[in-house]
């Protein structure tokens, strides 16, 4: 019963290192630390994310009074083969918020792209479709991810592409996407976010477009950078994807390039529109 309430409300305090055995050294993120663990009660292997309150609280304070769900609640609301499965969330006996997820075996998409070995054309198309499906699932659940990029996708041994990390995800409502909240990864950041303008879920469409472009070409549509200053280039036209992949199916090229439009009104309205546009594409 305690685990049930922890899952639903995050209210039970859990002695994490009594319940879990660490199987892998931690990986530190922007606001959290991640472990591969085994549940000593069930023997199940899972991923354990510990959130640093000192880093999380200033971000969450932006939404005070708006009833924003926690990352764990958001994860439980999002479910598909292309999104990480959240199993439970709660607070540890050390007052650390935690999220328990399935442990994803495989390689991060960013690592595969950075290795410089092109995917075969049929695989490029399949990865783009799976990435689009993952973003579409997030939107259908009523959320905006806000950090779609290759670092947040895992390629599993069974060839699934799985989106993870809902740390920046918010409900798809204007109050949560007001000007001034410049969050995300600079090379994938939509112009309206960089310019601190009102945004909506089409900011994810833009970030997906950059990710899809990289899957198909191993190149970025604009020069890369490590700060929001580099993202200011996203107001200018991107390099046409055909210059890197001349044989790309025209429907796929047009759909990806449309996602990269500086003006949100010129991008596909939804990821479902994108998926329909590429439904018949073959290598």
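The values are calculated or read from the model by the stated rules, or taken from the named source; none is laboratory data. Remember, it's a predicted structure, so these values are computed and weren't measured experimentally. Glycine gets a Cβ as well: all are built from the backbone with ideal geometry, and neighbour counts include every protein chain shown.
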- Among 99, 125, 74, 51, the single one that is buried (at least 17 other Cβ atoms within 10 Å of the Cβ), in contact with a helix residue (DSSP H, G or I) (Cβ under 6 Å, 6 or more places away or on another chain) and closer than 29 Å to residue 190 by Cβ is 99
- Task: Scan segment 147-167 residue by residue and report those that are touching a residue at least 40 places away in the same chain (Cβ under 8 Å) and more than 16 Å from residue 212 (Cα to Cα).
- Result: 156, 157, 164, 165, 166, 167
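Could you tell me whether residue 9 is at pLDDT 95 or above and not assigned by TED's automatic domain parsing to the domain that holds residue 141? Outline the logic, then answer.
On the way: at pLDDT 95 or above: no; not assigned by TED's automatic domain parsing to the domain that holds residue 141: yes.
Judged against the criteria, residue 9 is not a match.
Taking the options 116, 67, name whichever one is assigned to a loop (DSSP other than H, G, I, E, B), modelled with pLDDT under 95 and either under 30 Å from residue 220 (Cα atoms) or in contact with a strand residue (DSSP E or B) (Cβ under 9 Å, 6 or more places away or on another chain) (or both).
On the way: 116 fails: modelled with pLDDT under 95.
Only one candidate qualifies: 67.
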- Item | Conditions (1) modelled with pLDDT of 95 or more; (2) within 15 Å of the chain's Cα centre (by Cα); (3) closer than 24 Å to residue 12 by Cα: number failed by residue 102 | (2)
- Test for residue 108: is it without any contact (Cβ under 8 Å) to a residue 60 or more places away in the chain and either touching a helix residue (DSSP H, G or I) at 6+ places or on another chain (Cβ under 7 Å) or buried (at least 19 other Cβ atoms within 10 Å of the Cβ) (or both): yes
- Query: What is the residue count in segment 241-260 for residues that are without any contact (Cβ under 8 Å) to a residue 40 or more places away in the chain and out of contact with any helix residue (DSSP H, G or I) (no Cβ under 7 Å at 6 or more places or on another chain)?
  - Reply: 4
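Give segment 54-71 a look and list any residue that's closer than 16 Å to residue 92 by Cα and in contact with a helix residue (DSSP H, G or I) (Cβ under 9 Å, 6 or more places away or on another chain), or say none.
56, 70, 71
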- Within segment 139-157, tally of residues that are part of a helix (DSSP H, G or I) and closer than 14 Å to residue 202 by Cα: 2
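Just checking, which of 172, 158 is at pLDDT 95 or above and either touching a helix residue (DSSP H, G or I) at 6+ places or on another chain (Cβ under 9 Å) or more than 20 Å from residue 129 (Cα to Cα) (or both)? Even if it seems obvious, please write down each step before you answer.
Values: 158 fails: either touching a helix residue (DSSP H, G or I) at 6+ places or on another chain (Cβ under 9 Å) or more than 20 Å from residue 129 (Cα to Cα) (or both).
Result of the check over 172, 158: 172.
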- When residue 147 is run through (1) touching a strand residue (DSSP E or B) at 6+ places or on another chain (Cβ under 7 Å); (2) buried (at least 16 other Cβ atoms within 10 Å of the Cβ); (3) closer than 26 Å to residue 47 by Cα, the failure sits at (1)
